[in-house]
Amino acid sequence: MTTHRRRSAAMAAAAAGLLALPLATGAGTACARDAAATVPNVPNVPAVTVPAPAPTPAPTPASDAFPQLTPAVARQLDDAIRKVMTEAKVPGVIVALSAPGKGEYVRSFGVADKATGAPMTPGLNMRIGSETKTFTVTALLELVDEGEVGLDDPIGTYVEGVPNGDRVTLRQLAEMRSGLFNYSEDEGFFKALTSDPRRPFTPQELLAYSFKHPVLFEPGAKFYYCNTNLILLGLVVEKVSGIPLAEYIDREVVKPAGLRHTLFPTGAEFPSPHAHGYTDQTATGKTEDATDWNPSWGWAAGAMISDLTDLRSWAKTLATGTLLTAATQAERLKVIDALPGTGYGLGIFNVQGWIGHNGSLPGYESLTVYLPQAQATLVVLLNTDTAHQGSEPSTLFGRAITEIVTPEHVFTLPAQPVAGH
């Protein structure tokens, strides 16, 4: 979902990345769409009343759920990806698809830099927006496993001044059911970000944009993708661990997962080589190069950087719970109906069986998902967050690819409703 994108009632930011929805966000999206996570852009849908959790389907043999990645299938995928690129005007994209015994498909298309024409290549570092949420929630769940926090603890135990802080639980924050207003939907925040996109934001500044708004609904009543929730969970990790969130995630999540090119930047640093990113989430509405924008506005919801190799590994680690106890991973995967065809657990999506998250923030989108039935991994990285006909481009790629290889599990991520609608 996007971490942050300013939306009208007619066009909601998509649910992935910061969910591509609010800036720096994924599965689904925030200000700079999916500020760390954002939801794919699609027409508004009403907020969803929470039903009972749905069980996770038992895996079936990979041979029954996934085709051989033959040259003929690769050509189909090439054509489908190029079609999306052309229609959505995507400068460049990297795609990796694989399943045990089925081969792998790894391709890059287009350009990493429109000014020089440098090609997109699989080894580039990319901003991943709301996929950051999966790392922040994993850090929180590790503290749950250590007995340091409880999922049903009220947030007010750890952070003062939160509306309904005595009733909103850590679980509800991770499930996007807090009822708190999404700071990346605030017009003042959008103006501050786009007028000086290289300025730093503190977590407290971000929360202030949220807390000046009334709560949207009672805790636990509905699903509403919201970057504010993750800022609060990041502060919980910091308070309980006693160290900065970036340091804790690096030490307790990134390194134990064996990731070598994944980092939580403390400013606008962006290791080379990296692709340039292009966005229309600007003060003028014109497309600009957002490569060096400071992602601190997404923080725990959408600031992180990674690459294709690390995300291919992280997809399975996240979906299978390698870093957590079996009981805690089971809690994570208990999804509630969030958007049509989509369930949301604890900082994780289940979209037609594909488990993971998307990300979107100005200039970049990502999608990292795992299909247990086929033990299949799909990663998509691209250098724009500009929507096409109301949909996030990462969702368009996910749909086009899965229509070919897993027609019974087509990745379709609807849009998040606009706050107040």
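Values for this structure:
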quantity	calculated
Residue order, fewest to most surrounding Cβ atoms within 10 angstrom, among Val236, Val73, Val369, Val351	Val73, Val236, Val369, Val351
Extension gain (nm, one decimal) between Lys114 and Arg75, 0.36 nm per residue minus Cα-Cα	11.5 nm
Local electrostatic count, Ala221, Cβ distance below 12 Å [Lys/Arg +1, Asp/Glu -1]	+1
Flagged links, alpha-carbon separation over 29 Å, of Lys222/Lys255; Lys133/Lys222; Lys83/Lys191	Lys222/Lys255; Lys83/Lys191
Table column - 3J(HN,Hα) (Hz), the stretch 218-224, Karplus curve with 6.51, -1.76, 1.60, x for Gly and Pro	5, x, x, 6, 9, 8, 8
Derived scalar couplings ³J(HN,Hα) [the stretch 148-162; Karplus, 6.51 cos²θ - 1.76 cosθ + 1.60; whole Hz; x for Gly, Pro]	7, 9, x, 4, 9, 5, x, 4, x, 5, 10, 10, 7, x, 7
Residues Lys222, Lys239 arranged by fewest to most Cβ contacts within 10 Å	Lys239, Lys222
Nitroxide proxy distance, nm - points 7 Å out along Cα→Cβ at Lys89 and Ile404	2.5
Exposure proxy order (Cβ contacts within 10 Å, fewest to most) of Lys102, Lys212	Lys212, Lys102
Percentage relative contact order, the stretch 118-254, counting C-alpha pairs under 8 Å, at least six apart	30
For the stretch 205-351: relative contact order, % (alpha-carbon pairs under 8 angstrom, 6 or more apart)	18
Whole-angstrom gap from the stretch 343-415 to the stretch 280-295, using each part's C-alpha centre	23
Distance from the stretch 190-223 to the stretch 157-189 (C-alpha centre basis), Å	10
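Readers should treat all values here as calculations from the given coordinates under stated rules, not as data from a laboratory. Since the model is a prediction, treat every value here as computed from it, not as a measurement. Every residue, glycine as well, gets a Cβ built from its backbone with ideal geometry; the counts of neighbours run over all protein chains shown.
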